[in-house]
Amino acid sequence: MRLLAGLARQAASAPPDGRLDLADGETVASLAARCGVDPAAVGTVLVNGRAAGPEVRLAPGDDVVFVPPITGG
C-alpha cells in the first residue's frame, strides 16, 4: 500500500513499509478506514495499476495506491 503526497502524513496508523495483512473480505474502503485515510482526501485509488472504487475486494499481494485529488490550472 502506498499513500501519495499529504495522505501519508494523514494516515497515522498506516505501517511505514506499506505492508499489511488483509482481513477476509477486506475492501479498499475498509483498508482506508483501518489506516486512518479520510475518504474525502482521496481522489483516486489504484489496485494493481487500475482505478478501483471503495467496494473493490482486495487479495493478498495486491498493490494499492491512494492518490489525493490533483488540481491546478
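The values are calculated or read from the model by the stated rules, or taken from the named source; none is laboratory data. All figures in this text were calculated on a predicted structure; none of them were measured in a lab. All Cβ positions, even for glycine, are placed from backbone atoms using ideal geometry, and neighbour counts span all protein chains on display.
Taken over region 50-69, the residue count meeting the criterion of being among the hydrophobic types (A, V, I, L, M, F, W, C) and part of a loop (DSSP other than H, G, I, E, B) is 4. Only residues that are at negative phi and in contact (Cβ under 8 Å) with a residue 60 or more places away in the chain were counted in region 2-52, giving 5. In region 6-26, how many are over 18 Å from Ala52 (Cβ atoms), among the small types (Gly, Ala, Ser) and modelled with pLDDT under 80? Residues that pass the stated criteria total 3.
May I ask you to verify whether Ala40 is buried (at least 16 other Cβ atoms within 10 Å of the Cβ), within 23 Å of Gly6 (Cβ to Cβ) and among the small types (Gly, Ala, Ser)? Spelling it out, it is not the case that Ala40 is buried (at least 16 other Cβ atoms within 10 Å of the Cβ), within 23 Å of Gly6 (Cβ to Cβ) and among the small types (Gly, Ala, Ser). Tell me which residues, restricted to region 59-73, are more than 19 Å from Ala23 (Cα to Cα) and either of a type in the set (Lys, Arg) or touching a residue at least 24 places away in the same chain (Cβ under 8 Å) (or both). If the condition is that a residue be more than 19 Å from Ala23 (Cα to Cα) and either of a type in the set (Lys, Arg) or touching a residue at least 24 places away in the same chain (Cβ under 8 Å) (or both), then Val67, Pro68, Pro69, Ile70 are the ones that fit.
For region 1-26, a residue qualifies if it is assigned to a helix (DSSP H, G or I) and among the polar types (S, T, N, Q), and exactly one does: Gln10.
There is at least one residue in region 27-36 that is in a loop (DSSP other than H, G, I, E, B) and at pLDDT below 95.
Select from region 4-26 the residues that are of a type in the set (Gly, Ala, Ser) and surrounded by 10 or more Cβ atoms within 10 Å (Cβ to Cβ) and write down the one among them that is farthest from Pro69 (Cα to Cα). Result: Ala23.
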